[in-house]
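Colleague: Below is a structure I'd like to ask you about.
The values are calculated or read from the model by the stated rules, or taken from the named source; none is laboratory data. All values reported here derive from a predicted model rather than from experimental measurement. Glycine also receives a Cβ, built like all others from the backbone with ideal geometry; neighbour counts cover every protein chain displayed.
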Amino acid sequence: MNRSHYWFNHHLLAVLVGLAFLVGLAAPAAAQSRAPRKKLIATGWDKPDTARLRENLAQMEQRPFDGVILEAVGTRDDGKSCFLRSTFSAQAWEQRWFNKSVEDLKACRFTRFTDNFVTVGANPGNVDWFDDEGWKNVVEHWRIAAWIAKEGGLKGLHFDPEPYTPPHAQFNYLAQPQKAQHTFAEYQAKARERGREVMRAVIGEYPDLTIFTYFMLVINSNALGHANPNAVLETSGYGLLPAFVDGWLDVIPPAVKLVDGCENAYRYNSTTQFLEAAVRIKGDCQQLISPENRAKYRAQVQAGFGIYLDAYWNPPTSQWYIDGLGEPRVLRLRKNVATALRVADEYVWMYGEKFRWWSTPNPRVNKETWPEALPGSEDALRFARDPADYGRARIATLEKEGKLANLARNADFASEQAASNQGVQVDWKQGGAPAGWSSWQLETSKGVFSWDRETGHSGKGSARAAGVGNGCFIQSYDVKPGECYAIRAMRRIQGKGNTWIRVRWQTAQGRWTLEELDKTLTTEGPANEWSEIFGVVEVPEGAGKLVVLLGMAGQSTQEDVVWFDDVGVYRVD
């Protein structure tokens with residue numbers, strides 16, 4: 001074996017094993033519940049405030065996102081604006097200044113945007129950690145933010161730790177005004193204390209919120225693996241951030257989630273990069289947290305990822321450029337977002353600067369929308385976010401245009417003749433599977449596969465299996481890597497048994513391959529009624545045939561029957 005290939009496979013396996021180990025550290029009760037649905041969050045230079053969200057919500061919810069990061073702007077007694085994102089300020093605020101923001105949010109009737117966050121920032125960042133009076137106000141600002149989020153029906157707070165008002169930098173020890181009087185260790189202790197104060201105020205208003213960050217401890221990855229991480233953190237731009245987060249962990253209740261959004265992912269262009277970052281966040285970053293908080297960190301910190309849209313539009317000369325790797329760059333966008341969503345615990349965020357998803361008064365943003373500037377980008381996000389939803393919409397469009405083609409042969413089980421998997425026209429034989437379909441079952445299974453001419457969803461017939469302990473009807477199709485297919489079938493069950501569709505892969509020569517990429521599709525519809533099984537798959541590299549298996553198992557007698565009908569295999573990319 002080529003040593004470079006061996007290293008890559010061995011390294012990737014180690015990453016996957018490590019990730020599986022970390023997942024296994026979750027509490028037993030959590031293992032019994034469903035994993036959270038993955039969500040795509042929009043942010044960037046077209047970020048709305050509460051007023052624009054209220055005004056444009058219907059338009060905004062047409063985009064392929066599950067929520068937005070937004071601004072809250074209060075009105076001071078003198079009529080001037082008070083920006084919630086200026087959280088790290090010593091100025092005193094009044095909660096009532098933000099009553100209009102809460103009113104805007106309460107007026108929103110969200111249908112698609114289930115996970116919205118209001119921004120707090122680390123700016124201006126001119127409050128020294130030892131300034132008790134100044135920190136009373138910072139803590140109050142966080143409390144007001146949590147109040148807005150709770151009263152406004154938001155998922156929680158978005159925290160951006162980046163400094164934007166030089167020379168101030170809240171988490172940089174070297175930028176602190178009293179660094180000559182206090183050691184780095186003393187500043188760490190004080191930052192942890194302030195973290196506790198902030199979190200107590202926040203959970204007092206919103207005890208089960210999510211705090212979503214552009215980045216958290218992963219920003220200090222260069223300190224990992226050192227016998228003394230503080231030697232690196234002392235000169236880091238975010239060296240005090242771990243202590244601040246440690247203070248959060250000191251007091252957060254179990255219902256609070258913290259999301260490390262991993263802004264580092266802006267340049268990621270491979271599955272391995274996302275996997276390694278997830279292991280770093282969930283595993284290695286615990287080195288930066290005190291031992292007594294590491295179990296809580298493992299249980300309550302999620303790995304998320306940032307996707308920088310401009311990198312898929314920028315020219316190759318830009319330092320922010322994603323290469324297409326021989327494919328259209330919009331296809332890399334789709335694949336990278338899909339990978340990020342698969343690897344993330346729950347959240348992936350899309351950040352854009354040059355163009356917009358919706359109206360914005362920001363003069364730095366061009367008038368063109370992202371779908372106009374980067375054709376195919378919206379479909380790429382729709383596919384990555386929810387392949388099944390994308391597939392259904394694409395089928396409807398193709399059908400309306402008269403372009404919908406079904407690759408399934410004898411899909412309605414109405415014909416006595418159809419092409420076999422080898423492309424040869426064959427007649428149905430009494431006592432066998434319907435024409436165009438083959439069948440398989442375990443040697444220990446003594447079931448019967450047949451063509452039922454009387455029973456069907458569409459009234460023309462169906463594939464019938466009775467008394468099958470474990471088996472399937474089979475059909476295969478020639479495909480190419482990168483193509484996307486929607487697979488559907490109707491099924492009904494009588495008596496005992498389960499059903500599913502399993503999509504498998506073969507080489508162009510018909511050899512089974514890529515078993516780890518098999519996909520199983522199911523339905524939660526009533527067993528004794530016709531219910532649809534539906535899903536979307538992408539043909540992986542190395543595959544030349546897509547194989548559909550209409551599967552069943554758990555049947556004990558000939559009275560246990562499953563029927564399949566109206567199979568569809570549609571190309572939807």
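Colleague: Can you tell me which residue is nearest to N99 (Cα to Cα) among those in the stretch 135-160 that are in contact (Cβ under 8 Å) with a residue 60 or more places away in the chain and of a type in the set (F, W, Y)?
Modeller: It comes out as W142.
Colleague: Given the structure, is D132 closer than 22 Å to Q176 by Cβ and free of Cβ contacts under 8 Å to residues at least 12 places away in the same chain?
Modeller: For D132, the condition - closer than 22 Å to Q176 by Cβ and free of Cβ contacts under 8 Å to residues at least 12 places away in the same chain - is met.
Colleague: Here's a follow-up. When you scan the stretch 238-259, do you find a residue that is closer than 30 Å to P540 by Cβ, part of a helix (DSSP H, G or I), touching a strand residue (DSSP E or B) at 6+ places or on another chain (Cβ under 9 Å) and modelled with pLDDT of 95 or more, even just one?
Modeller: Within the stretch 238-259, none of the residues are closer than 30 Å to P540 by Cβ, part of a helix (DSSP H, G or I), touching a strand residue (DSSP E or B) at 6+ places or on another chain (Cβ under 9 Å) and modelled with pLDDT of 95 or more.
Colleague: Which of the helices (runs of 4 or more DSSP H) found entirely inside the stretch 1-76 contain at least 1 residues meeting this: among the β-branched types (V, I, T) and modelled with pLDDT of 95 or more?
Modeller: Per the criteria, 50-60.
Colleague: Filter the stretch 268-288 down to the residues that are touching a strand residue (DSSP E or B) at 6+ places or on another chain (Cβ under 8 Å) and in a helix (DSSP H, G or I) and list them by number.
Modeller: From the stretch 268-288, those touching a strand residue (DSSP E or B) at 6+ places or on another chain (Cβ under 8 Å) are 268, 274, 277-278, 281-282, 285; that's our starting set.
If the condition is that a residue be touching a strand residue (DSSP E or B) at 6+ places or on another chain (Cβ under 8 Å) and in a helix (DSSP H, G or I), then F274, A277, A278, I281, K282, C285 are the ones that fit.
Colleague: Moving to a separate point now. Every residue in the stretch 77-90 that is within 22 Å of T213 (Cα to Cα) and part of a loop (DSSP other than H, G, I, E, B), please.
Modeller: L84, R85, S86, T87, S89
Colleague: Of the conditions (1) in contact (Cβ under 8 Å) with a residue 40 or more places away in the chain; (2) within 14 Å of I307 (Cα to Cα), Y321 satisfies every one except a single condition; which number is it?
Modeller: Unmet condition: (1).
Colleague: Filter the stretch 113-125 down to the residues that are of a type outside the set (F, W, Y), part of a loop (DSSP other than H, G, I, E, B) and either at pLDDT below 95 or crowded, with 18+ Cβ neighbours inside 10 Å (or both) and list them by number.
Modeller: D115, N116, A122, N123, G125
Colleague: OK, next. Quick test for you: out of G195, G152, G156, pick the one residue that is buried (at least 18 other Cβ atoms within 10 Å of the Cβ), of a type outside the set (A, V, I, L, M, F, W, C) and out of contact with any Phe, Trp or Tyr (no Cβ under 8 Å at 6 or more places or on another chain). Steps first, answer last, please.
Modeller: Working: G195 fails: out of contact with any Phe, Trp or Tyr (no Cβ under 8 Å at 6 or more places or on another chain); G156 fails: out of contact with any Phe, Trp or Tyr (no Cβ under 8 Å at 6 or more places or on another chain).
Criteria check complete, one pass: G152.
Colleague: Report, ordered by the first and then the second residue, all pairs with beta carbons closer than 7 Å, sequence separation of six or more or different chains, a first member in the stretch 199-221 that is within 11 Å of L258 (Cβ to Cβ) and touching a residue at least 40 places away in the same chain (Cβ under 8 Å), and a second member that is hydrophobic (A, V, I, L, M, F, W, C) and assigned to a loop (DSSP other than H, G, I, E, B).
Modeller: M199/I252; L209/V256
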